[in-house]
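Below is one structure, written out as structure tokens, with a few remarks after it.
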Amino acid sequence: MTKKPHDSIDQAILEKAPVPDYLAAEDPFSRKLTCVDLIDQGLLELLSSLPADPPSSNEARHRWQDRVILNEIPPGSYVLDLGCGRGELMSRLINEMNVHGQAVEVDPEAAMAAMDLGVPVLNMDLSEILGDFVDDGFDYVILESTIQTLKEPLRVLDEMLRVGKKSLVSFPNFGHWRLRLELSTKGRMPVSPSLPYMWYNTPNIRVLTLSDFMDWARENKVNISAAYGLNSGRIAPITEKDNLLAEEVLLFLERPKKVSEL
Amino acid sequence: MSVDGEISSKDIHFADHPNSVGMITPQKVVLPDPMALEAGGVLDRVEMEFETYGRLTPAKDNAVLICHALTGDAHVAGWDPNPVGELKQFRKTKPGWWDQMVGPGKAIDTNRFFVICSNVLGSCYGTVGPSSINPATGRPWGLSFPVVTVSDWANQQIELLKTLGIERLRAAIGGSMGGQMALEMALARPEITMGLIILSAGHRVTNQGLAFNAVGRHAIIHDSNFRNGEYYEGPKPLSGLAAARMMAQITYLSEESMVHKFGRRLRGKDTPDFTLTGIEFEMESYLNHQAESFVKRYDPNSYLYMTRAMDYYDAALIWGQGDLAVTAGRIKAKTMVVSFSSDWLYPPELCRQLVAAMCQARRPVSYVNVPSRYGHDAFLVETDAVRRLIGSFLKN
């Protein structure tokens, strides 16, 4: 009497039943290798050598970039804030630094909140309006914690570099050791205070690390004139070496000078 | 009112309601000087009807100018205690056309602002127009009334402000044709217009808009009673005016709002009468009703003057030799532009052209495209969204 083929290879292996003919008869995933054990061993060693800094508190993480930006942007600058959220940063830039501000925010609720703070907001998708800003029209263009959510991040970066003399980009660094550890040991997408989402509801569709971004900048001759990171509640200037330690990063970009500008 | 939005009864505040400006008597002023007009010609005596709400501060820094739409008037809010003439029936049952927005504690808060609205030149609600008596002849002007433009209306407002001793506007606010006029205020007098709110309007009408206006005028001009505009002593070209209004009314709605309001329902019956001339559908009945009510209170000649002024207006031509970004660069006002998703008379794409031009000119601007099924009517009907936006704008 022949057994009925199983639909799942796991079940088939468990019950030693004949596998259906569309599945490989032998274990193609080499389950016999206990690589998981090896990873565990290696990471334990790594772990013991790492500083046991706690993750940044919610309070320290909250709008940490704003402190740098408010310090770095000279009063009276022309500033464009892309994805301004509820307008906290832009309203401070306008009120405290007297900047000429323009903001863009696609979420109607957030845009309304920004307007309530007196921020001029275009309630539009970035791709609808970016092309309308003139070359070098702004001293600074800010893209705070947004690039990882964009469908066309390169188009937005190109436009930022075109319309801004300097561009400020911040994003959660997926290269941070805690996230690496979580993925490699738990085998699940990391959930952290910086990334409090599940795979099905995360807005973060562009998963990138500090090193990834630096590679892109090098390849495209985009100059990174300053870089800051957040680690364990502290803000500090960073280099590419901090890919393992920076929970979130803020980079100041400048496009390569054209020959005519040199 | 310009377009008849369906205002729900809960939004109607009677004169004794704490949020109503109460009984408001229209005011008249005769400008001290003759007015030269853009298209040529001079109006020696400019009499204007206007209304004000709230109190002007001693510093005179709280004035807000509201600009009415195509067939609107100066009666923005509250109740007219003594409506006269054609407006009698209309004003007895309705408060001002933007009563939902203007009053104590409302979005345009008359406890804070001194709100002004005047009837524009060429209209038929108390400011000189083709139905007024020409002092030179002692008879109505008719088509001998000079052609007026949106620029003339802006000048007219500026003259009115002078007579009221006002040197600065906290905001000029308008929807539809009123939005064009508010824009023109900010362009013609950037130094006095500190704020600008444009609802459902752009720097000009679309080509479709030009076309609709042409059909409306055609219906009036080819009504056998028109007699080159000299109809004041006989029957008026009301059938032409009714056709113009019916067609315009279609452009104020959207397919979706029509389906929602009327669908294909028959009027007071379940089966058709198979008649060619009677009214069968609710849709037809609505248009007829709107037209009947409109022709009782509007002058056909004024309809020609108003639509022509709308047609001619092109802010880019006036201020930027065709370049809208150069034009937008003149604006000093804090600006908000609001469009409505289903508006096909002043579609979001048109409103966005002005927004884009302001971006090109590095002028700060706020823009919202409100999702709505009400078509062009939305600027009067989407009261919650508009209230929220204007309230937020004026708060700062």
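Summary table
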| read-out | value |
| --- | --- |
| In the range B:79-105, the residues that are of a type outside the set (A, V, I, L, M), touching a residue at least 60 places away in the same chain (Cβ under 8 Å) and under 26 Å from B:Glu292 (Cβ atoms) | B:Trp79, B:Glu86, B:Gln89, B:Phe90, B:Lys94, B:Pro95, B:Gly96, B:Trp97, B:Trp98, B:Asp99, B:Gln100 |
| Unmet requirement for B:Asp16, which otherwise passes all of (1) out of contact with any Gly (no Cβ under 9 Å at 6 or more places or on another chain); (2) free of Cβ contacts under 8 Å to residues at least 40 places away in the same chain | (1) |
| Tally, over the range A:235-249, of residues that are surrounded by fewer than 21 Cβ atoms within 10 Å (Cβ to Cβ) and either within 13 Å of the chain's Cα centre (by Cα) or without any contact (Cβ under 8 Å) to a residue 12 or more places away in the chain (or both) | 3 |
| Single residue of B:Met247, B:Met194 found to be touching a strand residue (DSSP E or B) at 6+ places or on another chain (Cβ under 7 Å) and surrounded by fewer than 20 Cβ atoms within 10 Å (Cβ to Cβ) | B:Met194 |
| Any hit, the range B:355-363, residues being out of contact with any strand residue (DSSP E or B) (no Cβ under 6 Å at 6 or more places or on another chain), of a type outside the set (Gly, Ala, Ser), within 12 Å of another protein chain (Cβ to nearest Cβ) and surrounded by 22 or more Cβ atoms within 10 Å (Cβ to Cβ) | yes |
| Any chance A:Arg63 is more than 24 Å from A:Arg162 (Cα to Cα), out of contact with any Cys (no Cβ under 6 Å at 6 or more places or on another chain) and modelled with pLDDT of 65 or more | yes |
| Checking A:Val207 against (1) surrounded by 14 or more Cβ atoms within 10 Å (Cβ to Cβ); (2) under 22 Å from A:Ile69 (Cβ atoms), the condition it does not meet | (2) |
| Only one of B:Gly174, B:Gly209, B:Gly178 that is surrounded by 15 or more Cβ atoms within 10 Å (Cβ to Cβ) and in contact with a His (Cβ under 6 Å, 6 or more places away or on another chain) | B:Gly178 |
| Residues that are surrounded by fewer than 19 Cβ atoms within 10 Å (Cβ to Cβ) and on the phi > 0 side of the Ramachandran plot, drawn from the range B:23-75 | B:Gly40, B:Gly41, B:Lys60 |
| Wholly enclosed helices (runs of 4 or more DSSP H) of the range B:232-343 bearing at least 1 residues more than 14 Å from chain A (Cβ to nearest Cβ) and under 25 Å from B:Val147 (Cα atoms) | B:238-252, B:282-295, B:300-312, B:315-320, B:324-328 |
| Complete set of residues in the range B:100-119 that are in a loop (DSSP other than H, G, I, E, B) and within 12 Å of B:Ile66 (Cβ to Cβ) | B:Met101, B:Ala107, B:Thr110, B:Phe113, B:Asn119 |
| Residue list for the range A:120-177, filter: of a type in the set (Ser, Thr, Tyr) and either assigned to a loop (DSSP other than H, G, I, E, B) or surrounded by fewer than 19 Cβ atoms within 10 Å (Cβ to Cβ) (or both) | A:Ser127, A:Ser145, A:Thr146, A:Thr149 |
| Yes/no for A:Gly83 being more than 14 Å from every other protein chain (Cβ to nearest Cβ) and either over 24 Å from B:Ala357 (Cα atoms) or under 20 Å from the mean Cα position of the chain (by Cα) (or both) | yes |
| Selection within the range B:377-396 - within 14 Å of another protein chain (Cβ to nearest Cβ), of a type in the set (D, E, K, R) and part of a helix (DSSP H, G or I) | B:Asp384, B:Arg387, B:Arg388, B:Lys395 |
| Scope the range A:91-119; condition in a helix (DSSP H, G or I), more than 23 Å from the chain's Cα centre (by Cα) and facing another protein chain (nearest Cβ under 8 Å); matching residues | A:Met112, A:Met115, A:Asp116 |
| Residues of the range A:121-137 satisfying the condition of being more than 23 Å from A:Trp64 (Cα to Cα) and facing chain B (nearest Cβ under 10 Å) | A:Leu122, A:Asn123, A:Met124, A:Glu128, A:Ile129, A:Leu130, A:Gly131, A:Asp132, A:Phe133, A:Val134, A:Gly137 |
| Odd one out for B:Ser366 among (1) more than 9 Å from chain A (Cβ to nearest Cβ); (2) of a type outside the set (D, E, K, R); (3) out of contact with any Gly (no Cβ under 8 Å at 6 or more places or on another chain); (4) touching a residue at least 24 places away in the same chain (Cβ under 8 Å) | (1) |
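Here's the yes/no breakdown for (1) crowded, with 21+ Cβ neighbours inside 10 Å; (2) over 24 Å from the mean Cα position of the chain (by Cα):
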| residue | (1), (2) |
| --- | --- |
| B:Met283 | no, yes |
| B:Tyr286 | no, no |
| B:Tyr303 | yes, no |
| B:Ala309 | yes, no |
| B:Tyr313 | yes, no |
| B:Asp323 | no, yes |
| B:Thr327 | yes, no |
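The values are calculated or read from the model by the stated rules, or taken from the named source; none is laboratory data. Keep in mind the model is a prediction, meaning the values are calculated, not measured. Glycine also receives a Cβ, built like all others from the backbone with ideal geometry; neighbour counts cover every protein chain displayed.
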